Each structure stands twice: as structure tokens, then as C-alpha cells.
1. Order the peptides 178-185, 36-43 from the highest to the lowest mean number of other Cβ atoms within 10 Å of their residues.
2. Between D166 and R106, how high is the FRET efficiency from 1/(1 + (r/R0)^6) when r is the Cβ-Cβ distance and R₀ = 35 Å? Nearest 0.05.
3. Could you tell me the extents of region 277-331's C-alpha atoms along the three principal axes, largest first, rounded to whole Å?
4. Go through K23/K161; K161/K254; K91/K254 and tell me which ones have a Cα-Cα distance over 26 Å in this structure.
5. For Y177, what is the net charge nearby, where nearby means another residue's Cβ is under 12 Å from its Cβ and Lys, Arg count +1, Asp, Glu -1?
6. Can you give me the long-range amide H partners of C300? Hydrogens built in the peptide plane at 1.01 Å from N, cutoff under 5 Å, separation of 5 or more residues or another chain.
7. For V174 and R46, calculate 0.36 nm times their separation in residues minus their Cα-Cα distance, and state this gained length in nm to one decimal.
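What follows is calculated from the coordinates using simple rules that are stated; it is not laboratory data. Keep in mind that what you see is a predicted model, and the values were worked out from it rather than measured. Reconstructed Cβ throughout: ideal geometry from the backbone, glycine too, with neighbour counts over all protein chains shown.
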Amino acid sequence: MLLETQSQLSGEDARFTGMVIRKAPGIYHVEREGELIVCTISNRLRKTLLYPIADASSVPHQRVQAVKDIDTVDPIAIGDRVAFRPAEPGKGVITEVLPRRSRLSRPAAGNKPLEHVLVANLDQVVAIFAAARPQPRWNLLDRYLVSAESSDLDTLIVITKMDLADEAEIESVVELYTSLGYRVLLTSSETGEGIDAMRDALSDKLSVFVGKSGVGKTSLLNAVQPGLGARVGAVSEGKSGKGKHTTTTMELFKLDFGGAVVDTPGIRIFGIWEVDGSDIALYFREMAPLVGRCKFGVSCEHDHEPGCAIRAAVEAGNIHPRRYESYLRMLNGELD
Ligand SMILES: Nc1nc2c(ncn2[C@@H]2O[C@H](COP(=O)(O)OP(=O)(O)OP(=O)(O)O)[C@@H](O)[C@H]2O)c(=O)[nH]1
Ligand SMILES: [Mg+2]
Ligand SMILES: [Zn+2]
């Protein structure tokens, strides 16, 4: 199936490919050489369900199993490269989804184990936290990092609203995550701090911004490229200083200096795929090398078991207690 469609693409059809930058139920905005084409899906694509990820390395359950599932799991994601058949001017019909290089996904809502791909072909996840307003919860950062590691995605950590920062707290956070090999950028859309570095980090890549509502994702995007016109909202007052979801749909914005950013609504947008028990530790960079070295081997959950190499490393000061706490929270299925 896939081979046949690929060979079709190598002929005349190859000229009509583009990237999905925005979508509404059943409607896809495809960008091709600066032009926007409003597309629907071909019936054939709908019927065969075409899920382009049947590679051996993929987790089981990732294939859409019935046509009706298209209602819960859209087979086309933002960032997908698609082939389309032109219809009337400015319109088209998508006939194929080209193989994906990478994907950011979450389990679909409902009781079936289906994968919902949120963004396809991305180069990096940009995990965004505000230094204050809303108050950062670093356990959530660890959850993002584990999700990204489990999908083999690179993560850039960005701390916004540095103009409101408690310097000492942020310094310790930067120290911890850079020691683990992550890149951390400190920014302020108010003062312009870190905006040039942010441009460099986004240049020529497809990035997706994730972070809670109100942390300043859209403001950062507008600071990086003034005039982009993405909507920014006020953080509602109140004791939590929680944001109110100004950005409500995902959209891909092209950057003048090369690259693109998918701005997302501030929700917990991605989950961990079937990572259970001792597997979680594999996605904590400092714990991974110790997995299998515990008295109970790979069956150790690194909780209360005797002879646990990971707990010993926490006690010896080689693993940060807060990272270990994040591990335990994930192990116990607690939400952040
Ligand atoms: N002091 C300060 N305020 C900022 C900064 N960046 C953004 N804000 C404010 O924070 C609020 C939320 O900003 P947004 O950019 O809409 O946040 P968001 O993360 O896109 O939120 P959602 O779209 O709801 O997910 C706005 O009132 C911004 O003016 C900053 O660097 N410093
Ligand atoms: Mg926003
Ligand atoms: Zn252990």
C-alpha cells in the first residue's frame, strides 16, 4: 500500500505536495510554496485509513482500526506533508499522507488505545515555563521531558517572564537541567532578554511550544517575530494566577528567518505511551544508566525495594531529590 502510493508520488503528483499548517474538523489548510490551499480528504484515503506509521518500531495500538475512528483520531496532523489533488482554485483534496520523520502524540480520548498525533515531522519540543505568574511546577517539566524522551524528541527548556523571576530559584533550575544535558534559555518578552538566542534556537527547525495557559507562549512567539499577530491574553487574577486559554487551536506559524513554530493551547498536550513501572526510569537521563543494576534487576520499581541502585544514587546526592520525586509521582500515576 505504502509502496504503491510512494511510486504514485514520484510521477506527476509529486508536484502537488504541501504541509498542513492549520485544521478544523474535516478541513485542512495546506501550505505549498507560500500559497494556502483549503483541502478535504479523499474518500479513498478515508476508507483505507492510510495510517502512515505501520513501521516495526512503532508501539502497538498506534494504527487506526476502523473508519469510524476517524471521528476521534484525525489521521492528518499539523506538520504533516501531504499529497493533494488540486480542485477549483485555492482548493484541493488530500490523497496521501507522506511518511513522518517524527511525531508528538497522546492517547486519544475514549477507551480505545488509539494514538492521536498532534504534530508531525517536528524537530524539537520547546517546554515553556514562566518564572512566575503562573508559579512554575517543575514536576510538570519532568513529565514533559519524559514524554519527549519516550518519543525520541529533543527538548529545549525555556523560562519566560524573567523580569518577574526569583533569581536564586531559576539559577538552581538552570543548573540542574543543564547538568543533565538539556538546553535552557531564559527569556522575557517584556525586556527582550533571551529573544535573540530564542531566534537562533528556532531557526530552520519545526518546533512545538508546550506549556500551561498563561506562561507566555504566544507572547514569546510574537517577540521572536513581531507582527506575527498571534493572540495574547491576560492571565486572570485570582490566587492561582492560572491562565485562561487564549490560544484555542493549534496552528503552525512560519518564521521569516527560517523554520516554523506550532503554538498550542495551554493544556497538558502530550502523554506517555504505555510506559509503566521500571520503564519510566529509562526516560530520566540520570537514572537510565542505573536501570538493571538494582538487587531485583529490571523488575525493581525504585520505590521501597532493598538494594535499589537509583535510591542509593539519590541518597549519595547523585540524583536530585526533586527529579526522584517526579519519578515516583509518575510511577504512582499522580497528575501534575
Ligand atoms: N511580565 C511579563 N509578562 C508576560 C511576559 N510574557 C507574557 N506575559 C503576559 O502573560 C500573559 C499570558 O501571555 P500569553 O502569551 O497569552 O500566554 P500563552 O502561554 O500563550 O497562554 P495560552 O494561549 O492561554 O496557552 C499576558 O498577559 C502577557 O502579557 C513576560 O515576559 N513578562
Ligand atoms: Mg497562547
Ligand atoms: Zn531500583
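1. 36-43, 178-185
2. Efficiency, rounded to the nearest 0.05: 0.65.
3. For region 277-331, the Cα extents along the three principal axes come out at 24, 22, 19 Å.
4. K23/K161
5. Summing Lys and Arg as +1 and Asp and Glu as -1 gives 0.
6. none
7. Gain in length upon complete extension: 41.4 nm.
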